[in-house]
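> Next up is a structure, given as structure tokens.
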Amino acid sequence: MDTERTNTEGKGVDEIVRLDSVRKTYRSGTSAVVALGGVTIGCPRGSLTAIIGPSGSGKSTLLQCAAGLDRPTSGTVLLGGEELNGLDEAALLKLRRDRIGFIFQTFNLLPALDVEENVTLPLTLAGRTADPSLLVDVMRRVGLVDYMRHRPFELSAGQRQRVAVARALVTRREVIFADEPTGGLDARATDEVLGLLQEAVRESGQTVLMASHDPLVASYADRVVFLSGGRVVDELNLPVDRAVIQRMTHLGIWDRPPGTDGGNPS
Ligand SMILES: Nc1ncnc2c1ncn2[C@@H]1O[C@H](COP(=O)(O)OP(=O)(O)OP(=O)(O)O)[C@@H](O)[C@H]1O
């Protein structure tokens with residue numbers, strides 16, 4: 001059953017992802033690093049949320065905790081109303097396999113497999129096969145229908161990322177977590193990848209939670225959550241890139257010297 005909660009946007013929002021007071025502390029030798037200092041956010045079903053913040057602000061940690069890849073030190077994470085804290089590793093694995101798609105900056109493609117095999121890999125691992133018409137439809141949408149037999153090394157960076165997006169689309173996962181999905185891509189490839197994620201939300205009702213330090217990326221989102229020093233410092237609905245840049249400047253997110261809580265995003 002899905003959770004119905006009140007968040008900062010309004011009452012009774014159907015939130016498919018919900019984090020409440022999530023803290024994550026890493027031990028590093030004798031000292032402790034607070035990666036998340038009590039984060040509370042909710043992502044409405046069928047929305048595209050961008051987590052924006054400088055390097056080291058906790059974006060990856062937030063996604064890892066929300067996706068059940070890492071466990072918070074304290075606080076709760078709910079996915080589709082199910083509390084992840086109470087799940088053992090086998091249950092977490094099943095939940096990730098059945099409901100979650102991942103897109104990483106490094107694409108996570110297997111070099112020995114061709115494009116089609118890489119796209120359908122999660123289904124293959126789960127002992128299932130892709131619906132052939134859906135597969136062709138998705139490959140057309142990502143512009144790779146003529147590249148099914150190519151291997152990753154034969155593709156450009158933008159094409160490789162579109163393979164990773166196709167994988168999240170063809171498996172029709174309810175929630176897609178994307179960590180710097182356009183890092184290293186040029187403006188055109190960035191636009192294509194983010195356009196596909198918007199389509200996943202608008203046409204397939206999937207929910208996307210993506211992390212980036214780039215205000216341009218944020219402008220494709222329905223909502224931006226600003227993270228700094230492991231804390232949510234602001235939110236913006238229906239952002240345009242200028243507003244995001246202004247808000248980041250106002251919050252001083254770009255002013256901190258590298259090594260403390262981030263650095264220059266460019
Ligand atoms: N496994 C780990 N062990 C120790 N410290 C860690 C670990 N993972 C992350 N950290 C620390 O936690 C903080 C948040 O890291 P995180 O990777 O979540 O930030 P980020 O905003 O995603 O950064 P980037 O944009 O550079 O990827 C940083 O200070 C980082 O050094």
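> Considering (1) surrounded by 16 or more Cβ atoms within 10 Å (Cβ to Cβ); (2) within 25 Å of residue 170 (Cα to Cα); (3) touching a residue at least 40 places away in the same chain (Cβ under 8 Å), say which one residue 81 fails and leave the rest.
Here residue 81 clears every test but (1).
> Search region 166-201 for residues being of a type in the set (Gly, Ala, Ser), within 16 Å of the ligand (Cβ to nearest atom) and at pLDDT below 90, and hand back the single one that is nearest to the chain's Cα centre (by Cα).
Looking at the filtered set, the residue picked out is 183.
> Moving on. Taking region 162-193 only, how many residues are free of Cβ contacts under 8 Å to residues at least 40 places away in the same chain and either in contact with a Cys (Cβ under 9 Å, 6 or more places away or on another chain) or aromatic (Phe, Trp, Tyr) (or both)?
Looking only at that region, the number is 0.
> Could you give me the residue pairs with C-beta distances under 9 Å whose first residue belongs to region 202-226 and is on the phi < 0 side of the Ramachandran plot and within 16 Å of the ligand (Cβ to nearest atom), whose second residue is of a type in the set (Lys, Arg) and not in a strand (DSSP E or B) wherever it lies, and which are 6+ apart or on separate chains?
Hits for this filter: 211/59; 212/59; 213/59; 215/242; 215/247; 224/247; 226/247.
> Return the residue satisfying two criteria in turn: it lies in region 151-165 and is surrounded by fewer than 16 Cβ atoms within 10 Å (Cβ to Cβ) and modelled with pLDDT of 90 or more, and of such residues it is farthest from residue 103 (Cα to Cα).
Out of the qualifying residues, it is 154.
> How do the pairs read when you match residues in region 232-245 that are within 20 Å of residue 58 (Cβ to Cβ) and modelled with pLDDT of 75 or more with residues anywhere that are assigned to a helix (DSSP H, G or I) and not charged (D, E, K, R), using Cβ under 7 Å and keeping only pairs 6 or more apart or on different chains?
Sorted first by the residue in region 232-245, then by its partner, the pairs are 236/243; 236/244.
> Mind telling me which of the residues 134, 110 ends up being surrounded by fewer than 16 Cβ atoms within 10 Å (Cβ to Cβ) and outside any helix (DSSP H, G or I)?
110
> Hey, another quick one. From the residues in region 14-56 that are among the basic types (Lys, Arg) and in contact (Cβ under 8 Å) with a residue 40 or more places away in the chain, which one is farthest from the ligand (Cβ to nearest atom)?
In this case the residue turns out to be 45.
> Picking from 124, 129, which residue would you name as being assigned to a helix (DSSP H, G or I) and either of a type in the set (A, V, I, L, M, F, W, C) or at negative phi (or both)?
Result: 124 is the single residue among 124, 129 that is assigned to a helix (DSSP H, G or I) and either of a type in the set (A, V, I, L, M, F, W, C) or at negative phi (or both).
> Which of the residues belonging to region 62-84 are in a helix (DSSP H, G or I) and either at pLDDT below 90 or within 16 Å of the ligand (Cβ to nearest atom) (or both)?
Residues satisfying the conditions are 62, 63, 64, 65, 66.
The values are calculated or read from the model by the stated rules, or taken from the named source; none is laboratory data. Since we're looking at a predicted model, the values are computed, not measured. Cβ coordinates were reconstructed from backbone atoms using ideal geometry, including for glycine residues, and neighbour counts include every protein chain displayed.
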